[in-house]
Amino acid sequence: NGHYEIQSLDALIIGAGFGGIYQLKKFRDMGLSALAVDTAGDVGGTWFWNTYPGKNHPSAMSSAMSDTEAYLYRYSWDPEDLKTYPWDKHYVYQPEVLKYLKHVVERHDLRKDIRFNTTLTDAYWNEEDRIWDVKCSTGIEYRARYLVTALGLLSKQHFPDIKGIDSFQGEKYHTGAWPGDISMAGQRVGVIGNGSTGVQIITAIADKVDTLISFQRNPQYSVPSGQRDVDPEYRKKINDNYEEIWRQVKDESATAFGFKENADRPTMSVDPEERNEIFEAAWKKGGGFRFMFETFNDISTSEAANDQAAEFIKAKIRAKVKDPEKARKLMPTQMYARRPLCDAGYYEQFNRSNVEVVSLHDTPIDEITPAGIRTSDGTEHELDIIIFATGFDAVDGNYTRIAIKGRNGVTLKNHWAPTGPTSYLGVTVPSFPNMFMILGPNGPFSNIPPAIETHVEFISDIVQAAEQKGAAGAEKTPVIEAKPQAEEYWTHECDVVSRQSLFRRTDSWIFGANVPGKKKTIMFYFGGLADYRAKLRSVAKNSWEGFNIE
Ligand code: FAD
Ligand code: NA7
C-alpha cells in the first residue's frame, strides 16, 4: 500500500523465548525461510523481561528463579550441549537462563533471523493468496505461508486497576517488566501480590530495604526449594543418564519435573506417623511440585488428602513465624490447590522487624495515594516504591490484545468470546489455517520446556507432512486447518480431565480467574505430559486426525 515494506517468507514466528527459538531452528532445518520477531530487545522471553532482584546473587540485576531443576530447564535436543554446558546450582536464576538461551542462539547461528523491538500488531489470513499478512510496529509487512505464535503464557503483565494508581508519587514497577538495576536500599517498599514471584521478591529484598510491607490477598502454601550447589558427582550421574531422564520426563511423567509421581499411594493409606515422615522427607528435599506429586497420588484430587498436606505446611508456618499476629495473617485459609510454590526462606522474613504483612482480607486497599497505599481501616502506608507482583493475564492475554483475523475476518478474540479460549490440542484453532500456537490454551499443564518441545515438534511434523503433500503436484500452498468438531472434542476432553482436580475449585491464573472480567474457564489439559504426547502421536498416526490438509 505504499507505506509498508513487504517481505515474503515461508514462516513467521512471533516470540523469541524458549518456544520461538526452537521453532526457528526447526523450520530452518526443514529448509524453510523463517524469521522470528519479538517486542523485546533481545532473545529470552520470560527471562528477558523478569529481571527483578534476587536472593544470593552478586548483581542487583538478577533474580527470578526457575523452580524446575536446572538439568530440565533447557532443551533436550542437543546432547553434546546438554553434557557440557555448565550449571552450578540446582535451580537456575534469571541471568543464567538468559545466558543459556543466548548461547543456544549463537551456537546455532539463529540471531541473524530474529528481529527485535518488533511487535506484531495485525495479522490476517488472506484467503485468496493462502497467506498470512502480518503487520508489525516497525512498518514492515510480512507475508508468510505459516504463522507460529510463541507469545508466552505468562507474558502479558496484569496491572490491577486500583483507584488512584496513577497518583502515586513514588516509583512503581511490575515484576514482569522490570526496568533494570534499581537500588532499593533505604527505601520503604510495598509489594502487592504473593504468588511465586511475590514470594521470591519478598525473600530477596527483605534485608536490603528500610521497610517492606507485603499487601497480601490470599496467604499461600510454600515449601522450601532446596536450592543448593551442584556437586560434580551429581552432574556426572545426570550426564550419564540424560537420555533415559528425558524419556521418563516426556513419556512417563505427568508433571515432567524429573521425579516419579507417586501413582499408587493415597494419602490416607498410611498411618499418621508414616504420613508425617513422608511429608518431612519431601520438605527436606525441597521442590513445590515434588511435595505435591511425589509424596502421594491424591493431594490435588482428594479434599481429605489435601487437608493433610495443608495441615503439615501450616504447622511449619506456625513454627517459623514468631509473631502470632503475623502468623495468623500468613496462615492459608483455602485449599492447597494452586500452582505449588517453593521458596528460599520466605516465611522467615516476617520475623524481621522491618517486614510487615497487611491482610487485604482484613483491610482491603481503598486507594493508592500520592504517598502510598490506604487501606480500609484508614491507615495510609507511606511508601517510596510499590512493586506489583500481581502476575499475568495468562495464556490468552497476549492473543486477545492484538488483532489476529482468520477466515471471514473473525478475530481470535471474537472466536473465543462466547466460550473462553479454546483450541484443538493447544496448538490450532479452526478458521485460523496455517496458524499454530506454542503453548496455546488447553496445552499440557507441566514443566514447560518439554511441553514447548512437544508443540514445536508436532507443528514442524504437520507442516512437513503438508509440504510433502503439496510437493506431490499441487500448485498452491498447502492449507492445514483443525476441524470445528476437533476443537469441540478437545475442549470437552480438557473439561472432563480437569473435573476431579481441586485446582479448578481455587481461583488462580491456571483457570483464568486472576484478572477481573476474564471468563473463568479451562486453560490446560490436566492429563499430564506423557498422556498428552501419546494423544499427539495417535493424531499423527491416524493421518492427522481432526485436521483438514488441503
Ligand atoms: P515467553 O518466554 O513468554 O516469550 C514470549 C515472547 O513473545 C516474549 O518475549 C514477548 O515479548 C513476545 N511477544 C508477545 N506478544 C508479542 C507480539 N504481539 N509481537 C512480538 N512479540 C511478542 N516455567 C517452568 O517450566 N519452570 C519454571 O521454573 C518457570 N519459572 C518461571 C518464573 C517466572 C518468573 C515466570 C514469569 C515464568 C516461569 N515459567 C517457568 C514459565 C515460562 O514462561 C516458560 O517456562 C517459558 O520461558 C516460556 O517460553 P515461551 O517462549 O513460550 O514464552
Ligand atoms: P500469580 O501466581 O498470579 O500471583 C499474583 C499475586 O498477585 C497473587 O498473590 C494475587 O493474589 C495477587 N493479586 C493479583 N491482583 C491483585 C489485586 N488486585 N490486589 C491484591 N493482590 C492481587 O503470579 P506470579 O507472577 O507470582 O506467578 C505466575 C507464574 O509465573 C507462576 O505460577 C510461575 O509459573 C511463574 P490472589 O492469590 O489472587 O488473592
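Report whether or not Tyr100 is out of contact with any Cys (no Cβ under 6 Å at 6 or more places or on another chain) and more than 8 Å from ligand 1 (Cβ to nearest atom). Steps first, please.
Values: out of contact with any Cys (no Cβ under 6 Å at 6 or more places or on another chain): yes; more than 8 Å from ligand 1 (Cβ to nearest atom): yes.
Judged against the criteria, Tyr100 is a match.
When segment 60-76 is limited to residues that are touching a helix residue (DSSP H, G or I) at 6+ places or on another chain (Cβ under 7 Å) and away from ligand 1 (no atom under 12 Å from the Cβ), the one that is nearest to Arg28 (Cα to Cα) turns out to be Ser76.
Restrict the check to segment 413-424 and report whether at least one residue is in a loop (DSSP other than H, G, I, E, B), closer than 24 Å to Ser460 by Cβ and within 16 Å of ligand 1 (Cβ to nearest atom). Yes; the residues of segment 413-424 include at least one that is in a loop (DSSP other than H, G, I, E, B), closer than 24 Å to Ser460 by Cβ and within 16 Å of ligand 1 (Cβ to nearest atom).
Test of understanding: among Lys413, Lys405, Lys483, Lys469, which residue is basic (Lys, Arg) and touching a helix residue (DSSP H, G or I) at 6+ places or on another chain (Cβ under 6 Å)?
Working: Lys405 fails: touching a helix residue (DSSP H, G or I) at 6+ places or on another chain (Cβ under 6 Å); Lys483 fails: touching a helix residue (DSSP H, G or I) at 6+ places or on another chain (Cβ under 6 Å); Lys469 fails: touching a helix residue (DSSP H, G or I) at 6+ places or on another chain (Cβ under 6 Å).
Result of the check over Lys413, Lys405, Lys483, Lys469: Lys413.
Whether any residue in segment 2-17 is near ligand 1 (Cβ under 6 Å from one of its atoms) and either charged (D, E, K, R) or surrounded by fewer than 18 Cβ atoms within 10 Å (Cβ to Cβ) (or both) is what I want to check. No, that holds for no residue. Selection of segment 498-518 for residues being within 16 Å of ligand 1 (Cβ to nearest atom) and assigned to a loop (DSSP other than H, G, I, E, B) yields Ser508, Asn514, Val515.
Of everything in segment 191-229 that is within 13 Å of ligand 1 (Cβ to nearest atom) and in a loop (DSSP other than H, G, I, E, B), the residue that is farthest from Leu154 (Cα to Cα) is Gln227. If a residue must be away from ligand 1 (no atom under 16 Å from the Cβ) and among the hydroxyl-bearing types (Ser, Thr, Tyr), how many such residues does segment 143-170 contain? Number satisfying all stated conditions: 2.
Applying the selection to segment 365-391, what residues are exposed (fewer than 14 other Cβ atoms within 10 Å of the Cβ), on the phi < 0 side of the Ramachandran plot and not charged (D, E, K, R)? Listed by number, the residues that qualify are Pro370, Ser376, Thr379. Tell me, please, whether a residue that is within 15 Å of ligand 2 (Cβ to nearest atom), under 19 Å from the mean Cα position of the chain (by Cα) and part of a helix (DSSP H, G or I) can be found in segment 7-18. Checking segment 7-18: at least one residue is within 15 Å of ligand 2 (Cβ to nearest atom), under 19 Å from the mean Cα position of the chain (by Cα) and part of a helix (DSSP H, G or I).
Looking for something within 19 Å of the chain's Cα centre (by Cα), of a type outside the set (Phe, Trp, Tyr) and either at pLDDT 95 or above or part of a helix (DSSP H, G or I) (or both) - is there at least one such residue anywhere in segment 398-411?
Kept after step one, since they are within 19 Å of the chain's Cα centre (by Cα), are these residues of segment 398-411: 398-401.
Pick out the ones that are also of a type outside the set (Phe, Trp, Tyr) and you get 398, 400-401.
From what is left, the residues that are either at pLDDT 95 or above or part of a helix (DSSP H, G or I) (or both) are 398, 400.
Yes.
Select, from Trp544, Trp509, the only residue that is buried (at least 22 other Cβ atoms within 10 Å of the Cβ) and out of contact with any Ser or Thr (no Cβ under 8 Å at 6 or more places or on another chain). Lay out the reasoning, then the answer.
Numbers: Trp544 fails: buried (at least 22 other Cβ atoms within 10 Å of the Cβ).
Only one candidate qualifies: Trp509.
Could you check, for segment 290-297, whether at least one of its residues is of a type in the set (Val, Ile, Thr) and surrounded by fewer than 18 Cβ atoms within 10 Å (Cβ to Cβ)? Spell out how you get there, then give the answer.
Keep residues of segment 290-297 that are of a type in the set (Val, Ile, Thr), which gives 295.
From the residues that got through so far, the ones that are surrounded by fewer than 18 Cβ atoms within 10 Å (Cβ to Cβ) too are none.
No, that holds for no residue.
Taken over segment 190-202, residues that are more than 8 Å from ligand 2 (Cβ to nearest atom) and within 17 Å of Ala327 (Cβ to Cβ) amount to 1.
Mind checking whether some residue in segment 481-496 is at positive phi and either small (Gly, Ala, Ser) or crowded, with 17+ Cβ neighbours inside 10 Å (or both)? So that I can check it myself, show each step before the final result.
Quick first cut of segment 481-496, residues at positive phi only: none.
There is no residue in segment 481-496 that is at positive phi and either small (Gly, Ala, Ser) or crowded, with 17+ Cβ neighbours inside 10 Å (or both).
Which of the residues belonging to segment 425-443 are of a type outside the set (A, V, I, L, M, F, W, C) and over 9 Å from Val148 (Cα atoms)? Within segment 425-443, Gly426, Thr428, Pro430, Ser431, Pro433, Gly440, Pro441, Asn442, Gly443 meet the criteria.
The values are calculated or read from the model by the stated rules, or taken from the named source; none is laboratory data. Since the model is a prediction, treat every value here as computed from it, not as a measurement. Every residue, glycine among them, receives a Cβ derived from its backbone with ideal geometry; neighbour counts consider all protein chains shown.
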